[in-house]
1. If you go through the stretch 30-41 one residue at a time, how many are part of a helix (DSSP H, G or I) and farther than 24 Å from S118 by Cα?
2. Just checking, does the stretch 66-82 include any residue being out of contact with any helix residue (DSSP H, G or I) (no Cβ under 9 Å at 6 or more places or on another chain) and acidic (D, E)?
3. Determine which member of the set E90, E132, E84 is among the charged types (D, E, K, R), in contact with a Phe, Trp or Tyr (Cβ under 9 Å, 6 or more places away or on another chain) and either closer than 30 Å to T68 by Cβ or assigned to a helix (DSSP H, G or I) (or both).
4. Among the residues of the stretch 42-60, is any of a type in the set (S, T, N, Q), within 15 Å of ligand 2 (Cβ to nearest atom) and either in the same structural domain as I14 (by TED's automatic domain parsing) or in a helix (DSSP H, G or I) (or both)?
5. Within the stretch 45-70, can you find the residues that are farther than 20 Å from W17 by Cα and modelled with pLDDT of 95 or more?
6. I'm told T68 meets every condition in (1) within 30 Å of K8 (Cβ to Cβ); (2) not in a loop (DSSP other than H, G, I, E, B) except one. Can you identify the failing condition by its number?
7. Do you know which residues across the stretch 93-105 are assigned to a loop (DSSP other than H, G, I, E, B) and of a type in the set (S, T, N, Q)?
8. Please go through the stretch 1-13 and pick out each residue that is part of a helix (DSSP H, G or I) and either away from ligand 1 (no atom under 16 Å from the Cβ) or surrounded by 15 or more Cβ atoms within 10 Å (Cβ to Cβ) (or both).
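The values are calculated or read from the model by the stated rules, or taken from the named source; none is laboratory data. In this text the structure is predicted, and so the values were computed from the model without any measurement. For neighbour counting, all protein chains shown are included, and Cβ atoms are generated from backbone atoms with ideal geometry for every residue, glycine included.
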Amino acid sequence: MTLPENRKKFEELINNWIVIEDSAISSADELISQSRNPFLKTMIEMVKMDSQKHKRILETLRLSLNSTVVFSPDDLKIIDSFVEKHSLIEKNSVTTAEQALDMSSLPIPRMLLKQLLSDEKRHDAYIDELNELKGYMAKDT
Ligand SMILES: [Fe+2]
Ligand SMILES: [Fe+2]
């Protein structure tokens, strides 16, 4: 990200990605509105909500390109509490999701539980990653 030209290309890439996420959201919305089936709705909403999340992450990433990222001592305390509380919460969630999956045999509940288990494992790994980044966030940059 040193050359201004690369930076511009990178920003364009992020902007295009946001457009892709927007189209995923509106396409999902259109299909959701065509059915009253709660299972079908949730199956599509799972991707729609991820797309909304991706858009939010990309907007934050774009913001970081044009401003300095600073964490105050109060921010760091909140991150500390978040890591401390959620390292246990997410581990409990993984264990619970694994138990629920073991107890289920039908394809639809198993598919839903597999999605949840994979999310919970990701949350658990994310908390570890945040914990590793804490030192970097505390630096004056
Ligand atoms: Fe996405
Ligand atoms: Fe979680």
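1. As a first pass, look at the stretch 30-41 and keep what is part of a helix (DSSP H, G or I): 30-32, 38-41.
Next, from what is left, pick out any that are farther than 24 Å from S118 by Cα: 30-31.
So the count comes out to 2.
2. So far as the stretch 66-82 goes, yes, one or more of its residues are out of contact with any helix residue (DSSP H, G or I) (no Cβ under 9 Å at 6 or more places or on another chain) and acidic (D, E).
3. Details: E132 fails: in contact with a Phe, Trp or Tyr (Cβ under 9 Å, 6 or more places away or on another chain); E84 fails: in contact with a Phe, Trp or Tyr (Cβ under 9 Å, 6 or more places away or on another chain).
Exactly one of E90, E132, E84 is among the charged types (D, E, K, R), in contact with a Phe, Trp or Tyr (Cβ under 9 Å, 6 or more places away or on another chain) and either closer than 30 Å to T68 by Cβ or assigned to a helix (DSSP H, G or I) (or both), namely E90.
4. Taking the stretch 42-60 and keeping what is of a type in the set (S, T, N, Q), we get 42, 51-52, 60.
Filter again for within 15 Å of ligand 2 (Cβ to nearest atom), leaving none.
For the stretch 42-60, residues of a type in the set (S, T, N, Q), within 15 Å of ligand 2 (Cβ to nearest atom) and either in the same structural domain as I14 (by TED's automatic domain parsing) or in a helix (DSSP H, G or I) (or both): absent.
5. none
6. It fails just one condition, (2).
7. Applying the first criterion (assigned to a loop (DSSP other than H, G, I, E, B)) to the stretch 93-105 yields 103-105.
Answer for the stretch 93-105, where residues must be assigned to a loop (DSSP other than H, G, I, E, B) and of a type in the set (S, T, N, Q): S104, S105.
8. Taking the stretch 1-13 and keeping what is part of a helix (DSSP H, G or I), we get 4-13.
Once the filter is applied, which keeps residues that are part of a helix (DSSP H, G or I) and either away from ligand 1 (no atom under 16 Å from the Cβ) or surrounded by 15 or more Cβ atoms within 10 Å (Cβ to Cβ) (or both), the stretch 1-13 yields P4, E5, N6, R7, K8, K9, F10, E11, E12.
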